[in-house]
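The structure appears right after this line, and notes come after that.
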Protein chains: 2
Amino acid sequence: MAFNEVFQYSIVSALMDGVASHGTPIARILEHGDHGLGTFRNMNGEMIVLDGDVYQMKADGSVVHINPAETVTPFATVTRFRPTTTTRATVIGKAGLEELLTGLFPKARNHFLVVRMDGVFHKVNVRTAGGQTTPREGMVDVCSRQTTHTFEGVKGTIVGFRCPQYVMGVNVAGDHFHFIAEDRQRGGHILAFETEGDVDISAAQMSKFRLELPTEDDEFNEAELKLQAQGIKAVAG
Amino acid sequence: MAFNEVFQYSIVSALMDGVASHGTPIARILEHGDHGLGTFRNMNGEMIVLDGDVYQMKADGSVVHINPAETVTPFATVTRFRPTTTTRATVIGKAGLEELLTGLFPKARNHFLVVRMDGVFHKVNVRTAGGQTTPREGMVDVCSRQTTHTFEGVKGTIVGFRCPQYVMGVNVAGDHFHFIAEDRQRGGHILAFETEGDVDISAAQMSKFRLELPTEDDEFNEAELKLQAQGIKAVAG
């Protein structure tokens with residue numbers, strides 16, 4: 001696969017509907033990208049893919065370095081990332097990053113963006129999903145029990161995507177970022193953050209999107225997969 | 001590209017918003033498939049791709065055999081079709097075909113289907129879009145001036161797709177079929193049809209979807225691309 005093409009396994013609407021019992025080997029995901037986000041079986045934790053390494057950030061605060069051959073994912077989005085734009089900036093919050101990205105890519109309203117930020121963060125507030133308590137439990141219910149952590153003065157990396165509005169339901173429309181600390185001991189799905197001075201930002205615009213759906217998966221086949229735009233915004237944006 | 005993978009250029013929401021001044025060479029589309037649907041610059045006519053040949057079915061009733069190197073398309077969906085299921089049946093209308101396909105592919109609710117039907121049709125009622133009168137004129141307005149034709153006792157082929165509900169806006173959710181007569185002189189977007197006795201039906205379920213967005217296209221970049229589900233159902237289903 002070429003650089004800066006989106007590869008996605010399954011769809012966010014399937015997670016909303018609680019389709020998370022099975023998945024595809026993470027090794028297969030890595031054939032399509034070295035940088036991205038996802039989750040694990042039963043929505044147990046947050047996935048970050050960074051330089052081809054895969055980490056599971058769990059609700060108890062621990063981070064596991066994953067063996068891609070031995071673990072499956074019910075949902076992941078990755079790309080083979082090659083930045084086309086790099087800059088340094090102080091970024092205050094998701095709104096600040098949103099504005100910065102829109103400025104860097106003024107013609108990307110209807111395209112995808114991939115982003116990476118490296119540096120020291122004054123504060124990072126994350127959540128980690130603790131997993132389903134029963135099969136088919138939907139993501140809104142899973143996230144109602146999410147654990148949140150706040151890290152201060154932490155060095156680390158943010159990995160994320162911006163998706164155009166028209167893919168809502170297939171993925172998350174808008175911005176979606178995960179964080180992992182440089183020590184690989186802390187991380188999660190970003191709720192809020194502030195950099196400590198300037199950080200390194202690298203990004204690229206993407207116009208090719210490849211989706212692979214679960215097969216031989218009765219849970220996926222039987223799910224209704226209705227568009228739940230409000231729910232997705234609430235738990236995944 | 002492997003068999004039975006969906007390849008799509010641009011999105012239906014862009015046509016709804018009147019983004020149809022530019023496009024990609026049809027020769028590039030054919031690299032990804034030999035069977036499918038689409039439209040032409042300014043939504044001038046209906047496209048059918050059949051056994052790798054491309055036809056433009058125009059509002060005046062004429063059909064043009066297209067040179068793929070010399071023509072661009074602002075929207076097309078194709079696959080390299082290899083049927084996995086074949087049958088013969090008498091089919092009465094889109095509702096009859098919907099029921100037949102659901103019976104043939106009981107586990108395809110959240111996947112894509114590709115379909116081909118060959119035989120004699122008692123009646124085929126088609127529409128052909130006559131094209132934009134101004135740039136950015138939206139598809140609902142273009143289709144308000146559509147021409148309809150009814151063919152009776154005509155031998156020909158139906159080509160089409162079924163898309164899952166969650167891609168509404170990206171493509172057309174549900175069934176979408178075009179028809180071309182065996183003499184390649186008549187055809188269009190199917191509004192209604194009835195077979196004359198049994199016809200040959202071939203189809204396949206698809207789980208891989210590849211989307212390529214227009215680049216360097218200000219019309220596409222500037223469009224709002226809001227989801228217009230009702231409008232899409234009205235003009236494209």
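When only alpha carbons are used to place a centre, segment A:118-165 and segment B:7-68 end up 43 Å from one another.
Out of B:Phe193, B:Phe3, B:Gly52, whose Cα points farthest toward the positive end of the dipole of the protein assembly as shown (charges: +1 Lys, Arg; -1 Asp, Glu; placed on Cβ)? The one lying farthest along the dipole's positive direction is B:Phe193. Under 1.5 on a/c is rounded, so check that first for the protein assembly as shown, then, if it is not, pick prolate when a/b is larger than b/c and oblate when it is not; a ≥ b ≥ c are the square roots of the alpha carbon gyration tensor eigenvalues. Judged from the Cα gyration tensor, the protein assembly as shown comes out prolate (a/c at least 1.5, a/b above b/c). Apolar share of the accessible surface for chain A: 46 percent from carbon plus sulfur atoms, 1.4 Å probe. For segment A:91-135, rounded, prolate or oblate, judged on the Cα gyration tensor with a ≥ b ≥ c (square roots of eigenvalues), a/c < 1.5 rounded, else prolate if a/b > b/c? Cα axes put segment A:91-135 in the oblate bin. The accessible area of B:Thr84, taken with all protein chains in place and a 1.4 Å probe, comes to roughly 100 Å². Here chain B is assigned +1 on the Cβ of each Lys and Arg and -1 on the Cβ of each Asp and Glu. Its dipole about the Cα centre then comes out at about 540 debye.
Over segment A:6-236, all Cα pairs binned in 5 Å intervals from 0 give whole-percent P(r) values of 1, 7, 16, 20, 21, 18, 11, 4, 1, 0, listed from short to long. Shape of segment B:30-96 from the C-alpha gyration tensor: oblate (a/c of 1.5 or more and a/b not above b/c, with a ≥ b ≥ c the square roots of its eigenvalues).
Relative contact order for segment A:169-237: 49 percent, from Cα pairs under 8 Å spaced at least 6 residues apart, divided by residue count. Put simply, the amide H of B:Gly18, placed in the peptide plane, has neighbours under 5 Å in B:Met139, leaving out anything fewer than 5 places away on its chain. Computed from point charges on the beta carbon alone (+1 for Lys and Arg, -1 for Asp and Glu), the dipole magnitude for the protein assembly as shown about its Cα centre is near 260 Debye.
Excluding ligands, DNA and RNA, the accessible surface per residue across the protein assembly as shown is 38 Å² with a 1.4 Å probe.
Legend: residue pairs A:Lys208/B:Lys123; A:Lys58/A:Lys94; B:Lys107/B:Lys233, Cα-Cα distance threshold 30 Å; pairs beyond threshold, A:Lys208/B:Lys123.
In degrees between 0 and 90, to the nearest 10, how far off the longest principal axis of chain B does helix B:93-104 point, with axes built from Cα atoms? Orientation of helix B:93-104: about 70 degrees from the principal axis.
Our helix-only sum for chain B, with -39,500 (n - 2.57) per DSSP H run of n ≥ 4 divided by its residues, gives a mean residue ellipticity at 222 nm of -4500 deg cm²/dmol. For B:Lys226, the aspartates and glutamates whose Cα falls under 19 Å of its own Cα, not counting residues fewer than eight places away in the same chain, are A:Asp175, B:Asp17, B:Glu137, B:Asp141, B:Glu212, B:Asp217, B:Asp218. Beta bridges from DSSP with both residues in the protein assembly as shown: antiparallel share about 95 percent, rounded to the nearest 5. On the basis of the beta-carbon distance and an R0 of 22 Å, B:Lys123 and B:Ala95 show a calculated FRET efficiency of 0.90.
The relative contact order of segment A:67-226 comes to 34 percent, based on Cα pairs under 8 Å that sit 6 or more residues apart. Annotation for the B:A interface, with buried accessible surface near 2400 Å², both sides summed [1.4 Å probe; non-protein components not counted]. Enumerate the residues in segment B:194-237 having an amide nitrogen under 13 Å from the point lying 7 Å beyond the Cα of A:Thr215 toward its Cβ. The answer is B:204-209. Inter-part distance, segment B:189-208 to segment A:83-109, computed on C-alpha centroids, equals 47 Å.
Contact residues in segment B:194-218 by the 40 Å² criterion (accessible area, 1.4 Å probe, full protein complex versus chain alone): B:Ser207, B:Lys208, B:Phe209, B:Arg210, B:Leu211, B:Leu213. Take B:Thr150, move 7 Å from Cα toward the beta carbon, and the resulting point lies 7.1 nm from the same point in each other copy, nearest first.
Sorted from greatest to least, the principal axis extents spanned by the alpha carbons of segment B:1-137 come out as 43, 35, 27 Å.
The values are calculated or read from the model by the stated rules, or taken from the named source; none is laboratory data. Since we're looking at a predicted model, the values are computed, not measured. As a convention, Cβ positions derive from the backbone with ideal geometry for all residues, glycine included, and neighbour counts pool all protein chains shown. Only protein heavy atoms, including side chains, enter the accessible area calculation; ligands, DNA and RNA are left aside. Shrake-Rupley method; radii C 1.70, N 1.55, O 1.52, S 1.80 Å.
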